[in-house]
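Read the structure below first, then the notes.
The values are calculated or read from the model by the stated rules, or taken from the named source; none is laboratory data. Quick caveat, the model's predicted, so the values are computed rather than measured. Note that we place each Cβ from the backbone using ideal geometry, even for glycine, and neighbour counts take in every protein chain shown. Calculation scope for accessible area: heavy atoms of the full protein, side chains included, ligands and nucleic acids excluded. Shrake-Rupley method; radii C 1.70, N 1.55, O 1.52, S 1.80 Å.
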Amino acid sequence: MGRSPLSVAHARAAALLAEATLEEKAGLLFHPATYVGRQRDLDLVKERHIVHMNIVDGSDPAEIAGWHNALQDAAQQTRLKIPVTLSSDPRHHVRSSPVAGESIAALSRWPETTGIAATGSDECARRCGDTVRRELSALGIRVLLGPMADIFSDPRWSRGYGTFGEDPELVGRLTVAFIEGLRGGTTLGPESVAAMVKHFPGAGPQKDGRDAHDPRFREQVYPGGARALHLAPFESAIAAGVTQIMTYYGMPIGTDWEEVGFAFNRPVVHDLLRTRLGFSGIVCTDWNVIDGAPRDGYTFGPNAWGLEDLTPQQRMARALQVGVDQFGGDDCVEVAIELVRSGAISEQRVDESALRLLTEKFRLGLFEQRHVDPIAAATRVGTQELRARGDEAQRQSLVLLTHDAARLSLPLKHGVRVFFEGFAAAPQHEHSIQVDSPELAEVAIVRLNAPYDRGDGRFDEWFHSGSLEFPDAVVDRIRTLGRSVPTIVCVFLERPAILTPLLPNASVLIGDFGASDENLMTKLFDGAPFTGRLPFDLPRSMAAVEGSREDLPFDTADPLFRHGFGRGSTVVPTT
């Protein structure tokens, strides 16, 4: 019987590692950002032996594929010719964030991860993963920094939209289905995109729902004692064969874990992830926990909560000692080299991580598939088939929360006069007539975003947190519209907004998790049933939110709408 692909990859990696110098091994431990066309990044490959990079910009498929090839050309000029592994944050969502995943218009567009959860469908998650695999691999991107296996346990958490929702069982199930789609088979191989599941051991219980990207909000708390709930989706991912896991920034408070960031936390990485859960794959830190990096006019990091007073050398030594393999965002290769030369870290310890990282490259077939075709890339992404998949998921994710059928019938009739508000651009829908004032309309359609507090922090614009209550001016506007014309209100539930004051004045209330204007309009006219279901509870008040515990799902008192709610019904089109 022949050897398995994994054992072959491991043997090839071991043979190559035996030829590597300390400098070449050290370069494998780093996973910094790359920007299309930046000469410095080619130098990192050729001079510092860095062969993992996270592409954070780019919008043209041919340009991204061409940059991938340029990085590979640089790698081929090195002694060992180790190919570059290119990774990316999510790029496929309707909404976009330059910090947590800047979408590319040329790709198919999908709802946020909570929207996949709103479909409740393993097959939708698997199809999404498969689409991401096909499109990213065409660009040369072979690692996705995701999915998030975190639980949206605190409604205030600014990154909850990137999760599969509030229910641990559903989060685990859809995480596995998405990984299967990314993998494209039963095991990781040359056609796969590897998943880097994040953020171990579950980033949901951030104190007051703030996010640990910001040094003001370092603490992760467990007032409900629910650590095991947050681990469950990661256990499912490990059982499904995931090969990479990312730790989070958070610093646990009030537990028997060390009060330091998870990347440096021995009870979390060594005792829990490596020993108890038996994870033998790659452990990568979240970005810039060792040193800082320039970004958009400021320095991001070092994000080493609880260890701010240590030197980069001390922080790196601690992370390696607890079981970390790779440092996201950082490129300080000289620090790793000095740790070995000084005796603080053994070369054997570096070899352990380097072997894991090289084995993954061989499993992905990167040594055989060094280049992609930039011209073909532009035709393989954003195809009609793949866009149709994303559009269907967007429509399936819309949740009908309330419908006053006595005031407004659904679907909308063809030729109806519509007043639009809150749309990116007034939809030119073939079945509606746009009017300029509510007084001339038969129906008003309003799109709202979930509210958030604007603070003075660098990340407040991209990580929305704070109050979930709409300002009085928004509530008053919906009241005014609702009294003059039947009003459809569609709310983008980036977080579980307090919809209580909107209910009396909305003839139809829809929960949106990332749907384009066009897909919303299609849903309102096509007569197909609303099949989406809430991926989390919608709280009745901010008092209920503030009285809940950050780590416990379904802990807000008397929610307005429960997880899984949706008024799906078959409706007959009218003309």
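For the stretch 145-175, the set of residues classified as of a type in the set (A, V, I, L, M, F, W, C) and open to solvent by less than 10 Å² (accessible area, probe 1.4 Å) consists of LEU145, ALA149, ILE151, PHE152, TRP157, PHE164, VAL171, LEU174, listed by residue number. Screening TRP462 on (1) farther than 18 Å from PRO411 by Cα; (2) modelled with pLDDT of 95 or more shows it passes everything except condition (2). Summed over the stretch 394-414, residues that are of a type outside the set (Val, Ile, Thr), open to solvent by less than 10 Å² (accessible area, probe 1.4 Å) and touching a helix residue (DSSP H, G or I) at 6+ places or on another chain (Cβ under 8 Å) total 5. The set of residues in the stretch 37-63 being assigned to a helix (DSSP H, G or I) and touching a strand residue (DSSP E or B) at 6+ places or on another chain (Cβ under 7 Å) consists of ASP41 alone. Checked against the criterion of being assigned to a loop (DSSP other than H, G, I, E, B), farther than 20 Å from ASP453 by Cα and open to solvent by less than 10 Å² (accessible area, probe 1.4 Å), the stretch 548-556 contains one or more residues that satisfy it. Residues in the stretch 259-275 that are in contact with a strand residue (DSSP E or B) (Cβ under 7 Å, 6 or more places away or on another chain), part of a helix (DSSP H, G or I) and not small (Gly, Ala, Ser): PHE262, VAL269, LEU273.
Per the conditions (1) under 28 Å from VAL545 (Cα atoms); (2) open to solvent by less than 50 Å² (accessible area, probe 1.4 Å); (3) not aliphatic (A, V, I, L, M), the sole criterion not satisfied by PRO471 is (2). Residues in the stretch 424-459 that are closer than 30 Å to LEU538 by Cα and open to solvent by 60 Å² or more (accessible area, probe 1.4 Å) were compared, and the one that is modelled with the highest pLDDT is ASN449. Taking the conditions (1) under 30 Å from ASP291 (Cβ atoms); (2) among the basic types (Lys, Arg); (3) in contact with a strand residue (DSSP E or B) (Cβ under 9 Å, 6 or more places away or on another chain) in turn, ARG389 satisfies each one other than (1). Just one residue in the set THR500, THR480, THR531 is buried (at least 18 other Cβ atoms within 10 Å of the Cβ) and β-branched (Val, Ile, Thr); that residue is THR531.
Among residues of the stretch 523-547 being more than 18 Å from THR500 (Cα to Cα) and not in a loop (DSSP other than H, G, I, E, B), the one that is nearest to the chain's Cα centre (by Cα) is LYS523. On inspection, ILE488 passes the criterion of being more than 20 Å from TRP157 (Cα to Cα) and of a type in the set (Val, Ile, Thr). Quick check: is even one residue across the stretch 229-243 part of a loop (DSSP other than H, G, I, E, B) and buried (at least 22 other Cβ atoms within 10 Å of the Cβ)? Among the residues of the stretch 229-243, at least one is part of a loop (DSSP other than H, G, I, E, B) and buried (at least 22 other Cβ atoms within 10 Å of the Cβ), which makes the answer yes. Taken over the stretch 293-318, the criterion of being out of contact with any strand residue (DSSP E or B) (no Cβ under 9 Å at 6 or more places or on another chain) and of a type in the set (Val, Ile, Thr) is satisfied by THR311 alone. All of VAL84, VAL51 fail the test of being open to solvent by less than 20 Å² (accessible area, probe 1.4 Å) and within 18 Å of THR21 (Cβ to Cβ), apart from VAL51. None of LEU6, LEU16 is modelled with pLDDT under 95, of a type outside the set (Val, Ile, Thr) and part of a helix (DSSP H, G or I) except LEU6.
Looking at PHE530, PHE536, just one residue is of a type outside the set (Gly, Ala, Ser), at pLDDT 95 or above and over 30 Å from PRO252 (Cα atoms), and that residue is PHE530.
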